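First comes the structure, then the notes that go with it.
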Amino acid sequence: MLKLYYYPGACSLAPHLVLEWIGAPYEAIRVKLGDPAYNAINPAGAVPALDTGEGWTLTQAGAVLHYLARRFPDARLGSDGSPRDEAELDRWSHFLTGDLHPAFFPLFSPQRYTTSQDAAALEAVKTAAQALIAKKLDLVDAHLAGKDHVLGGRRTFLDAYALPMLRWARAMLPGGLQKHPNCERLLRHIEADPVAKKVMVDEGIS
Ligand SMILES: N[C@@H](CCC(=O)N[C@@H](CS)C(=O)NCC(=O)O)C(=O)O
């Protein structure tokens with residue numbers, strides 16, 4: 001059986017939602033970050049990790065999401081198969097993995113981004129992170145104008161991938177998503193999905 005290793009509200013929320021959308025049997029296992037037992041599963045010490053049930057484990061949220069979409073094509077959570085749709089899917093998946101998600105790292109763990117443990121220095125790192133996140137969200141917001149989904153006119157795993165990051169932004173940016181109304185609209189749309197509601201209840205974050 002598939003097993004998803006997750007931490008409540010973390011980026012692992014995305015594959016958790018995708019697994020529910022797919023509807024195949026899986027087990028969700030809550031991990032303690034920093035636990036040596038989990039580090040043996042993912043030496044990076046990060047969630048998500050997906051035990052594929054086929055003798056191998058996959059890490060990296062974007063790869064996990066793409067794998068699930070390919071393994072369960074009937075759920076129609078990937079591209080429509082055209083080179084352009086595939087490229088757009090890659091573009092936004094890479095943006096979320098490589099641009100938006102890392103912009104949050106200094107906000108969550110400022111001590112990793114300065115050699116000073118001075119409270120003011122840590123606060124300065126967080127403030128810089130908030131500005132960078134807002135800049136990245138400007139791009140997402142412009143892209144989402146007039147759209148209900150990250151990719152074109154239908155649901156893909158990218159909507160699930162956006163969910164944790166938009167939740168963090170709403171909670172941790174000064175003013176939340178006020179300056180990013182299209183992001184706010186997408187977040188509300190996803191959060192209104194009964195399946196997403198269930199996943200958030202299951203993770204204890206609703
Ligand atoms: N590039 C990795 C990043 C994973 C990641 O940093 N996950 C966070 C939660 S959102 C984490 O587990 N952090 C624990 C840590 O950095 O110690 C991925 O996309 O899977």
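Throughout, read-outs are computed from the coordinates displayed, never taken from laboratory work. Remember, predicted model here, so these are calculated numbers, not experimental data. We place every Cβ from the backbone using ideal geometry, glycine too, and count neighbours over all the protein chains shown.
Overall, the chain carries a charge dipole of about 280 debye about its Cα centre when +1 sits on the Cβ of Lys and Arg and -1 on the Cβ of Asp and Glu, all other atoms neutral. Placing R0 at 22 angstrom, the Cβ-Cβ distance between Asp99 and Ala121 gives a FRET efficiency of 0.35 after rounding to 0.05.
Which links in Lys3/Lys126; Lys135/Lys179; Lys3/Lys32 stretch past 22 Å when you go from one Cα to the other? Where the Cα-Cα span goes over 22 Å, the pairs concerned are Lys3/Lys126. Would the range 35-138 count as rounded, prolate or oblate if I go by the C-alpha gyration tensor, calling it rounded below 1.5 in a/c and otherwise prolate when a/b exceeds b/c, oblate otherwise? Note, shape of the range 35-138 comes out oblate. Extension gain for the segment Arg185 to Arg154, taken as residue separation times 0.36 nm less the Cα-Cα distance, is 9.6 nm to one decimal. Looking at the chain alone, DSSP beta bridges between its own residues are antiparallel in about 55 percent of cases. Take the convex hull of the alpha carbons in the chain; its mean projected area over all directions comes to 11.9 nm².
Normalising the average separation of contacting C-alpha pairs (under 8 angstrom, six or more residues apart) by the number of residues puts the relative contact order of the chain at 23 percent. According to the Kirkwood relation over distinct C-alpha pairs, the hydrodynamic radius of the range 83-193 is 14.6 Å. Can you tell which of Glu20, Glu54, Glu88 shows the greatest fluctuation in a Gaussian network model of the chain with Cα springs below 10 Å? Looking only at Glu20, Glu54, Glu88, the largest GNM fluctuation is found for Glu54.
Rounded to whole numbers, the Karplus 3J(HN,Hα) couplings from phi for the range 154-166 are 9, 6, 9, 4, 5, 5, 5, 5, 5, 3, x, 5, 5 Hz, using 6.51 cos²θ - 1.76 cosθ + 1.60 with θ = phi - 60°, and x at Gly and Pro. One decimal place: the segment Ala40-Ala128 gains 28.3 nm when fully extended, by the rule 0.36 nm per residue minus the C-alpha distance.
One decimal place: the segment Ile29-Thr59 gains 9.4 nm when fully extended, by the rule 0.36 nm per residue minus the C-alpha distance. Rounded to the nearest 500, the helix-only mean residue ellipticity at 222 nm of the chain stands at -16500 deg cm²/dmol, with each DSSP H run of n ≥ 4 adding -39,500 (n - 2.57). The trypsin sites (Lys or Arg not before Pro) of the range 78-178 meeting both criteria, a DSSP state outside H, G, I, E and B (loop) and at most 16 other C-beta atoms within 10 angstrom of the site's C-beta, are Lys147, Arg154. Close amide H pairs (under 5 Å, H built 1.01 Å from N) link Ala49 with Tyr5, residues at least 5 positions away or on another chain.
Within the listed set Gln130, Gln60, Gln178, the Gaussian network model of the chain (springs between alpha-carbon atoms below 10 Å) gives the highest mean-square fluctuation for Gln178.
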